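**Q** Starting off with a structure, shown below.
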Amino acid sequence: MKFSRSLLVASTIAGLTLPAISAVAATSETETVINGLDYGPLAKFVGTWKTQDDEGLDVAPGREGSEVGKGGGAASPYYETIRFTPAGDATNASSQHLTAIFYHQMVFRKSDKKQFHDQVGYLIYDKANQTIYNSFCIPRAVCVVATGKPDATLTLTAQNVGIGQSDYMAANDKTEKFTVTYEVSGNTMQYTQETILHVYGKPFTHTDISTLTRVKE
C-alpha cells in the first residue's frame, strides 16, 4: 500500500525518518477537504495537541517491587503531545479508497518528566464504507488496528484479529482487547482508552484518560 503525498518534508521520530506533509488544515469542523483530499471526520484532528489544565491519568499494572505490588493498579498522572498530519490517500485491492492522517503521540510522567510512552500510527477514513481505523504500533512489539464508525463521539475497538504482538508479550503481557474513544470540540480533545491485558497470570484493565488543547506552533 502506497500513500500519495505532496509537499513532502522529512520528520525524524525515535531515530526513524518518517514522511510528513505540510498542509493547510481545515478551518472549521464542517470543512473536511485538505490539499484536495476529503479527510471526512479526521480533518478536525489535524494539528498539534498538548495537555493543558487537565492532566492525563494512566492506570497500569504495577511492577514487582513497586508500592502497589506486582499487578496492582499503579496510577501515574501524565502530560503529552500528539501531532496529527495529513498523509494522503491510498487504494487497497483496486476498490477500497482511503485517506489517512499520520500521528505521533509522546507521553511523559508528571512526577519525573520522563517519557514513558511513544506511539506512532494512522487514523484512516474509508468514506464509501463509513469506517475509521486506528492503525498504530508502540515500542513494546505490539501493534493494533482498531475499527469503528464515524460519529461525534468516535469509538474504535480491536480484538483478536486486530492485535499483533510478539511471542513474549502474548505469553506474559497479552493484549486481549483495545478500545479508544475520542471527542473533539473545536480546539479541545478528550480521549479515554481501555486496554484489556492478561499479565502476571491474571486479567488487568489498563486505562488512560486525557484532555488536550490544539496549539499553534
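Bear in mind these aren't lab numbers, they're just calculated from the coordinates by the rules spelled out. Every value quoted in this text rests on a predicted model; they were computed, and no experiment measured them. Methodologically, a virtual Cβ is constructed for each residue, glycine included, from the backbone with ideal geometry; neighbour enumeration extends over all protein chains shown.
**Q** For LYS202, which lysines qualify as cross-link partners when the Cα separation must be under 20 Å and same-chain residues fewer than eight apart are set aside?
**A** Cross-link targets: LYS70, LYS174, LYS177.
**Q** Mind listing the long-range amide H neighbours of GLY62? Cut-off is under 5 Å, sequence gap 5 or more, other chains count too, H placed in the peptide plane at 1.01 Å from N.
**A** Excluding prolines and chain starts, which carry no amide H, the hits are GLY71, GLY72, GLY73, ALA74.
**Q** Connecting C-alpha atoms closer than 10 Å in a GNM of the chain, tell me which of GLY40, GLY65, GLY148 has the biggest fluctuation.
**A** GLY65
**Q** Next question. State the label only: which of (1) 8, 27, 27, 22, 11, 4, 1, 0; (2) 7, 20, 17, 15, 12, 10, 9, 6, 3, 1, 0; (3) 8, 32, 37, 18, 5, 0 corresponds to P(r) over Cα pairs in 10 Å bins from 0, in percent computed from the shown model?
**A** Derived directly from the coordinates: (3).
**Q** If you build a Gaussian network model of the chain, linking Cα atoms that sit under 10 Å apart, which residue out of GLU176, GLU31, GLU67 swings the most?
**A** Looking only at GLU176, GLU31, GLU67, the biggest GNM fluctuation is shown by GLU67.
**Q** Further, regarding this structure: Using Cβ contacts closer than 10 Å as the measure, can you line up TYR182, TYR125 from fewest to most?
**A** TYR182, TYR125
**Q** Ordered by residue, what ³J(HN,Hα) values in Hz, to whole numbers, does the stretch 153-163 give under the Karplus form 6.51 cos²θ - 1.76 cosθ + 1.60, where θ = phi - 60° and Gly and Pro are x?
**A** Running phi through 6.51 cos²θ - 1.76 cosθ + 1.60 with θ = phi - 60° gives 9, 9, 10, 10, 9, 10, 8, 6, 5, x, 10 Hz.
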